[in-house]
Each structure stands twice: as C-alpha cells, then as structure tokens.
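Here the structure comes first, spelled out in structure tokens, and everything after it is commentary.
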Amino acid sequence: MKKLTKKVITIIIAVLLVVAIGTIAVVSGGSEEEVTYRETEVVRGDLVVGISESGSVDVGTVEQVFELDMSALQRAETDSGQSESASGQGMGGGDMLGASAGGSGGLDMFSQIFSMAGSGSGSGSGTIGNLTVAEVCVSVGQQVQEGDILYLLEEESVAELQEELQGNVEKAEADLNAVYADQTLSKQTAQYTYDSSVAYGSYASTEYNTTVNELQNAVTEAEKALETARSLLSSYREQLELIEADYAAACEVLEGCEWSRDNTDKWTSTYDYVTYFQMAETAQSNVDSLEQKKEQLEQNVEQAEQNVTTCTRQLNTAKRNLESGKLDAQETLSLRQLAYDTAQETYDIAIGYLEDSAAEQEQTYADAKEKWEEFGSHIDGNAVKANYNGVITEVSLEEGDTIQTNDVLVTLYDMDEVSMTVSVDEEDISDIAVGSAANVSFTAYPDDIFEAAVTEISDAETDGNGNITYEVTITLQGDVSGLYQGMTGEITFITKESKEVLYVSNRAIIREGTTSYVKIKDENGKVRQQEVTTGFSDGINVEIVEGLSEGDVVLIESKVSES
C-alpha cells in the first residue's frame, strides 16, 4: 500500500474562496443535461507546492533550578589583633629607613613584610539552618507565568539566612576598611625606600632609549634609501622601455631606407638614389644615437638594481642591528640596575603582599555582597517564584523538604522548543534541507497557518520492507502558546511558492488547445467567455497572470444529467 507521504499541493494563505451567492440553471435545447454555475471570486494570496506529512507536537521541557549558592554561609574574617601586632612591629617610616640604609636592616625588613602578609584575613565559618518548604503552591498540569509563587518557605529559616548573609556583608566591609588603614603607612614607607634606591639607576633607562632610538633611526634611514633606490630603478626601467621602443622603430626605418637605397639604380634614378642615401644616413645617425642612450640606460638600470640590492642588504643589516642592539641595550640596562635589585625586589614584595591582602579582602567583601544580592533574586519575602512561563509537568519538592543548591524545583514545558518530527521517504528528502521553510496546519485551528523551519534531519533508516526514510524535525516559530503536547497537524515542506499573486479555482479554467478561458456574466447577466493567461498552479488553484482583476466573479460550470 502506498505510504501516506506523497507530493501534494497546498495553500498557505488564510483567504478562502468565496462561495457563489447562488446558482443559475440553464437547460440546453433538446438535451437531457442541466447546466449549473457556481460563482467564485478572483483573490490575491500565496500559492504553495510542497511535501506533506502528518505528525504530532512535541513540546520541550525546562527545569527551574535553585541556584542560590549556599556556600555563601562561609564568612571571611580579619584577625584584627594580628594586624595591630604587625603594625607595631616596626612598619613605621623610621624602621623602614633603617632597613634601606644598609647593614642587617634588610633582613629585618623582609621579616616585617612577611609579618605584614600574615596580618591579612583569616577564615571563619558561620553556621545556619536550612531553607525548608512550608507550602507547595503549584501542581502538575498547572499553567504558570513568570513571577508566580512556586513554594512558600518557613519564615524562620529565611530570616536566619538573611541575617547571616547581611552580617557577612557588614563584617567583610569592616575588615576591608581595616586592611586599607593598615596599608597606608606601609605603602608610603615602601615607596620612599624604592625611590631612594632606584634614583641612581635613572640614567640606565635614558641610555637604553638613546641606543634603541639610534638603531631605529638607522633602520628608518635605510628604509628611505631603499625606497629612493627602488623609485630610481623604476624610473630608469620606464625610460629604457621607451628608448627600446624608439630604437626598434628607428631600426625599422633604417632598414626601409637602406632597402630603398640598395634597390634604386643610381645611374638611372640618381635623384631618388641620393634621396634614399641621405635618408639612410639620417636614419643610421638616429639609430646610433638611440643605441647609445639605450646602452646608457641599461647601465643605469644595472647600477640601480645593484643599488636596490645594496640598500636591501643595508636595511636587513640595520634591522638585525636593531634587534640585536635592543638585546644588548636591555642587557646593559639590566646590568646597570643590578646594583639596585635588592631594593626593587624588596619594594615589589612589600607592595605585592599589600595588594594581595587588599585584593583578598576586596574579593571577600564582593562575594558577600553578591550572595546578599543573589538571595533577593531567588527568594522574595519567603516565596520562591517561577522564572519561566509554561505548564508544569513535575513538582520536585514537598512540604517539609529542605532546599539545597542546584535542587530542581519544578519542570515545565518549554514553549520556545515546540517541534514536530515526521518520516520522509528517500524520494522526497532531496527537496528538504536544514533551514528549509515549512507550514503547519492544525485541525484545532483551521483558519491559521503556523510557520516553521527544518532544524534536524536524521541519518537514513531502512524498515523491514527495504524502504529508506529519514526522520525530519521542524521547530515552530512565532506564537505557539495555543499548541499542546501530542496535538496532531499537517506539515508542508515548501518546495515552490508564489507570493501575492491573483488566482482562481482550477475548475473555473476552460482550456482549448493553448488558449485558456473562464466564464463570466456580462452587464446583462448573460454568460460569456473571457480569455485569460494562467501561470503557476498548486493543483487546486491557478495563478491568473492576465485577463482578470482581484474581486472579479467567475463561474464554475457543472452539468447534471436528469433522471
């Protein structure tokens, strides 16, 4: 039995043919047949040819997860006593100056730096209870909108979490301010020590920049010289090309003059012979002059080519000198700064520990604020609300359950992923590709056409009878809120389409050879034929290219035999 899949012709437009107001009966003379006419209008719309298959709607699902990070209940605390101890152990300007002055003070400074590093934040942990479900406010099959309440939580557990999170923010902010205060004097002292130590190395940077600039200038000059050499070579080549053309032309003239002279009898045509002789002499002189110029230009070109080669080599040498010179200059710079490395390293370590300590506490404060703000995005009062629109397919929690991070709260149909999958025969699959347009009609919505696109085509499958088919999935677009899981519909994969054309029922067309007609009523109500030009047809309706206008009434003829 032939499968349901087949090439069919369907209409995408919502405009339906207007049924005739009435019928007119005409009896043929001496005939036993009754002729009736049904009126139909010429309408404007889209004609579509495609491959049709029946399928059912599959609505995707989405899970709403409780994403509030419960690990936010770990609090970062600053050990204030340790900070005060570090500040009192000689981080003042006098001790730092002593460290930079020489002797064994440097070792003391490193001890102070590591003490300062220890004055940062330590960790403590808060302990709170769990969030507990007090009431489940939704059920399976219920339609919910974003913002609807899913669960009510026990107020005591919510209040406890709020208090802990807000306390974390306040404590982290106080700790951060304490770190900033402790760092102010330490940074000032470290900066003074650094400035004093590196002052003598300032010339090294100037020397480095001077050397690199000189090498860079040499590269620039070499580039300019190469550009000039190339320009001169190009000019010589152009001149040589012109001279060569002139020389070739002069040689041809000379050859012609010599031929005329040599083929003229000087005794019988003395005048002509003398004329050709003089012309040959002039032509020879011109050839000789051009030959000299050509040879000179050839020498110029050769010399210019050598200049280009030389300039290119000089540029490459200058570039290599620049790169190697940078390395040498950097090495020199490093060597000149070697004497000051201890001071630089001390400064960098001091500032690094200070910045790390501040960054750590800043992150602790930012994390505490983020968790506090995140709490408000997950819990409103003591309610957990829906983040999606859809129909609930599963409620994961019950009254008395504890909510943990990443727990699934509910599962809903995802109306952004409404699809249909059908089997398509091998003979039709060549007309379908991912991205191809499709139209879908549903019995529940007879006046609506839903647009869709092909989103997936499976590998070929073979059934028990050897038939090869492909599973083709389409995703519906636009407003699909009225569709439900399992709803059946007719999919038309569009293979050809004519948009916004005039058309009429195929049954109204009368064809005689290559000419097409329709029947219409004239002003007196008499039926007459009107010639038309037809175009694309979907098998049910046909495009009217010429002969009718939108809204014209044509007649569909029917003959009924009398009993």
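Note on region 411-425: among residues that are at pLDDT 90 or above and within 28 Å of the chain's Cα centre (by Cα), the one that is nearest to GLN64 (Cα to Cα) is VAL418. Of the residues making up region 482-509, those that are among the hydroxyl-bearing types (Ser, Thr, Tyr) and under 29 Å from SER430 (Cβ atoms) are THR488, THR492, THR495, SER498, TYR503.
I need the full set of residues from region 441-469 which are outside any loop (DSSP other than H, G, I, E, B) and either more than 16 Å from SER419 (Cα to Cα) or of a type in the set (Lys, Arg) (or both), in order please.
TYR445, PRO446, ASP447, ASP448, GLU461, THR462, ILE468, THR469
If we only count strands (runs of 3 or more DSSP E) wholly inside region 519-563, which ones have 2 or more residues that are within 50 Å of the chain's Cα centre (by Cα)? Lay out the reasoning, then the answer.
Values: elements: 527-537, 541-546, 553-561.
Where strands (runs of 3 or more DSSP E) fall fully within region 519-563 and carry at least 2 residues being within 50 Å of the chain's Cα centre (by Cα), they are 527-537, 541-546.
Being part of a helix (DSSP H, G or I), closer than 27 Å to GLN191 by Cα and within 43 Å of the chain's Cα centre (by Cα), is that true of even one residue in region 308-328? No, there is no match, as no residue in region 308-328 is part of a helix (DSSP H, G or I), closer than 27 Å to GLN191 by Cα and within 43 Å of the chain's Cα centre (by Cα). Counting only residues that are in contact (Cβ under 8 Å) with a residue 40 or more places away in the chain, touching an Asp or Glu at 6+ places or on another chain (Cβ under 9 Å) and either outside the structural domain of ALA508 (by TED's automatic domain parsing) or β-branched (Val, Ile, Thr) (or both), how many does region 531-543 have? The total comes to 0. Of the residues making up region 198-216, those that are at pLDDT below 75 and of a type in the set (Val, Ile, Thr) number 1. Can you find a residue that is part of a helix (DSSP H, G or I), over 58 Å from the mean Cα position of the chain (by Cα) and surrounded by fewer than 13 Cβ atoms within 10 Å (Cβ to Cβ) anywhere in region 232-240? So far as region 232-240 goes, no, none of its residues is part of a helix (DSSP H, G or I), over 58 Å from the mean Cα position of the chain (by Cα) and surrounded by fewer than 13 Cβ atoms within 10 Å (Cβ to Cβ). Scanning region 497-505 turns up no residue that is aliphatic (A, V, I, L, M), in a strand (DSSP E or B) and farther than 27 Å from PRO446 by Cα. Quick one: is GLU394 of a type in the set (Asp, Glu), over 30 Å from GLN162 (Cα atoms) and assigned to a strand (DSSP E or B)? No: the conditions fail for GLU394. Contact annotation: residue pairs with Cβ atoms under 9 Å, 6 or more positions apart or on different chains, pairing a residue in region 217-231 that is part of a helix (DSSP H, G or I) with a partner that is among the basic types (Lys, Arg), are VAL219/LYS319; ALA222/LYS319. Of everything listed in (1) assigned to a helix (DSSP H, G or I); (2) surrounded by fewer than 17 Cβ atoms within 10 Å (Cβ to Cβ); (3) touching a helix residue (DSSP H, G or I) at 6+ places or on another chain (Cβ under 8 Å), the single unmet condition for GLU302 is (3).
Got a sec? Which of THR473, THR492 is assigned to a strand (DSSP E or B) and either in contact (Cβ under 8 Å) with a residue 60 or more places away in the chain or in contact with a Gly (Cβ under 7 Å, 6 or more places away or on another chain) (or both)? First the steps, then the outcome.
Values: THR473 fails: either in contact (Cβ under 8 Å) with a residue 60 or more places away in the chain or in contact with a Gly (Cβ under 7 Å, 6 or more places away or on another chain) (or both).
Criteria check complete, one pass: THR492.
Going by the conditions given, is TYR445 outside the structural domain of ASP69 (by TED's automatic domain parsing) and more than 33 Å from the chain's Cα centre (by Cα)? Yes: the conditions hold for TYR445.
No other residue among LYS521, LYS496, LYS526 is assigned by TED's automatic domain parsing to the domain that holds ALA437, at pLDDT 90 or above and surrounded by 11 or more Cβ atoms within 10 Å (Cβ to Cβ) apart from LYS521.
For residues in region 242-281 being among the aromatic types (Phe, Trp, Tyr) and assigned to a helix (DSSP H, G or I), which is surrounded by the fewest Cβ atoms within 10 Å (Cβ to Cβ)?
Within region 242-281, the subset among the aromatic types (Phe, Trp, Tyr) is 247, 259, 267, 271, 273, 276-277.
Right, trim to assigned to a helix (DSSP H, G or I) and you get 247, 259, 271, 273, 276-277.
Details: TYR247: 20, TRP259: 12, TYR271: 9, TYR273: 18, TYR276: 21, PHE277: 17.
The selected residue is TYR271.
For region 374-389, the condition holds for no residue, the condition being that it is touching a helix residue (DSSP H, G or I) at 6+ places or on another chain (Cβ under 9 Å), surrounded by fewer than 15 Cβ atoms within 10 Å (Cβ to Cβ) and acidic (Asp, Glu).
The rows are residues; the columns are (1) assigned by TED's automatic domain parsing to the domain that holds SER334; (2) under 27 Å from GLY352 (Cβ atoms).
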position	(1), (2)
LYS187	no, yes
TYR194	no, yes
TYR208	yes, yes
TYR236	yes, no
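Report whether or not THR405 is over 30 Å from GLY141 (Cβ atoms) and modelled with pLDDT under 90. Judged against the criteria, THR405 is not a match.
For region 334-341, the criterion of being surrounded by 12 or more Cβ atoms within 10 Å (Cβ to Cβ), at pLDDT 80 or above and farther than 28 Å from LEU185 by Cβ is met by at least one residue. Need pairs with beta-carbon distance below 6 Å; first residue farther than 9 Å from TYR503 by Cα and within region 41-61, second of a type in the set (Asp, Glu); sequence gap 6+ or separate chains. These pairs meet every condition: VAL48/GLU497; VAL49/ASP538; ILE51/ASP428; SER52/GLU490; SER54/GLU490; GLY60/ASP414; GLY60/GLU417; THR61/ASP414.
The values are calculated or read from the model by the stated rules, or taken from the named source; none is laboratory data. Every value quoted in this text rests on a predicted model; they were computed, and no experiment measured them. Cβ sites come from the backbone with ideal geometry, for glycine too, and all protein chains shown count toward neighbours.
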